[in-house]
Each structure stands twice: as C-alpha cells, then as structure tokens.
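The values are calculated or read from the model by the stated rules, or taken from the named source; none is laboratory data. On a predicted model such as this, the values are computed, not experimentally measured, just so you know. Backbone-built Cβ (ideal geometry, glycine too); neighbour counts: all protein chains shown. All accessible areas refer to the heavy atoms of the entire protein, side chains included, with ligands and DNA or RNA removed. Shrake-Rupley method; radii C 1.70, N 1.55, O 1.52, S 1.80 Å.
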Amino acid sequence: MTGMGRIELPARPRILVVTLRRLGDVLLTTPLIRSLRRAWPEATIDALVFSGTDGILDGNPDLNGVITMPARPSVAQSVSLAARLWRKYDLAISTQSGDRPMFFARIAARNCVAPVEATVNGRIKRAILARGVAVAAGVHRVEAMLRLADALGVVRVPELVPPRAANSGEAPAGPYAVIHAAPMFRYKQWTGDGWRALAAALATRGLSVIATGGPDAEERRYYDEIWNDAPVRRVDGQLNWRQLSGLLANARIFIGPDTSVTHLAAASDVRPSRSMARPIRGYGVPGRPTA
C-alpha cells in the first residue's frame, strides 16, 4: 500500500481496532495502536477483543477504551454488539481477514481498513473497504500490523506496549530469573528434566528463579509435575497481567516457549545484566526454549 496518502478523518476522529484473536496476538497489535495514537493524538481509540484477552491491554496509554465480546457469542449477543457499534466510529480497522472481525469493523464505521486474501471472497471484501492490504504469507504479526499503518498513510511506530506495570510483591530482593514453562499447545512443550536442569543452572549462578503460569487446573498439574523438587518459587495463578508485566520488567532473564508471556517479556524490556550475557548450557539448541 505504498504511495497512498493519509486517509481523511475528522480533526478528533473516533477509531476502533478489531482484534479477535488470542492474547499474544492482541499484544502484538499494540504497535498499530501506538501508530494511530501518534498520527491522531486527539482521537478516541477503542479496541474490540475477546473476553479474557483484554487484560493484556490493561493500562495501555494509547487506548481510551476496550470493548469485549465472547469468543463464541450467541446470536442475541452478536446482535446487541452490532447495535452498540453501529456507525459509532469514523474509522474501523480489522486486523484480520476473517468474516467476523471484518463484519464488526464494517458495522462500526463506513471507513474500514483490513487485510484481504487473494481469493474470490477477498476480492468481494476489498470492494467494501476504504483500503485493503494484501495478506502476505510468512510475515510476522507485528509487520502485518504495521502494513495496516502504511495503508492508512501514517508513520509506523514499531513499539510493543505491555500492560502498565504494577508491583506483584513477588520479586525477591536480589537478582532473579523468570521461567514460564507452559505453552498453549502441547507440541511446544519441553521436557520436565530440561526445565528442572535449567532452573538448577540459573540457581547456581546466584539467581532466584520464579516460575509463572496461569490459573488453569490442567496447566497447574503440568507445573506440579515439572517443578517437583526444583529450586523455584511458583506464582502460577497468582498474578494479573499488570503484576506479571512488573515482575518481568525487573528480571535479569526470562525463559519460555512461544507463548503470550514470552511476547510480554519482550514488550516489558527484560534486559540481562552483563554477568548473565554468557551462554547457559543448552541455550539455543533446536527444540529447547530460548531466552
């Protein structure tokens, strides 16, 4: 979408960003939201996300509000949301090419921008959009979001914005590491022996090791198995997203598989100290987690 001028909006526009995906994907939408805020500092910018993912946007300074909807809404819930959104905005951006997010974006504003696939359905959708962006295979989620900024004719701001950090009360006085061992999908899991050996290696370096995780019962059973007799302090199920963001921001190092918490650690700017810059045994080996 290069060469297109900035989309025309009122002086104080109302903008909706629709992101009906998982937690990590919602976090990776924040560079687009920041780009919008920089382009229209006087705008009212809202996000529409699934219930349960809104916590990753808690305290986001670029948003005025967050609207939630169930992942599997009833017909009545969908109709109610559509009525609530009807032509409320000057611009709506669907960050996905799917029918549902594009439907709610199109309901919300006449000016609608979205990615479109190179299919018959995609060509039909492009016809009802103010501007469309071709879906490119293999492109990182952040790059895909910033291509939407290009389509709007605004400057890219490639900054991940974590939830506003809060004190968890769980950070030790000295240096510490954070491990988040549980991915959403089983094929991303490492071995219990590997996690325990890693925690022990970090402890021998003088780091307290904090193991984070969610409140899900199955996930916590997984932690019971892998952290049995390991030198870690478990806080799974105890922190909200703002507390987790604060904990990560002050860690010397974070280790985890591909999961929303790993994206959050990157956004929270975890910075290892010079003494931690040397490699840990097993780090970077295919099939093992990365820091």
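Couple of notes before you dig in:
- Here residue 99 passes the criteria (1) more than 22 Å from residue 10 (Cα to Cα); (2) in contact with a strand residue (DSSP E or B) (Cβ under 9 Å, 6 or more places away or on another chain); (3) not hydrophobic (A, V, I, L, M, F, W, C) except the one numbered (2).
- Scanning region 71-124 for residues that are outside any loop (DSSP other than H, G, I, E, B), open to solvent by 30 Å² or more (accessible area, probe 1.4 Å) and of a type outside the set (Lys, Arg) gives 75, 76, 77, 78, 79, 80, 83, 99, 103, 120, 121, 124.
- Residue 138 fulfils the conditions (1) open to solvent by 60 Å² or more (accessible area, probe 1.4 Å); (2) part of a helix (DSSP H, G or I) except for a single criterion, (2).
- The one condition from (1) farther than 30 Å from residue 216 by Cα; (2) at pLDDT below 90; (3) of a type in the set (S, T, N, Q) that residue 168 does not meet is (1).
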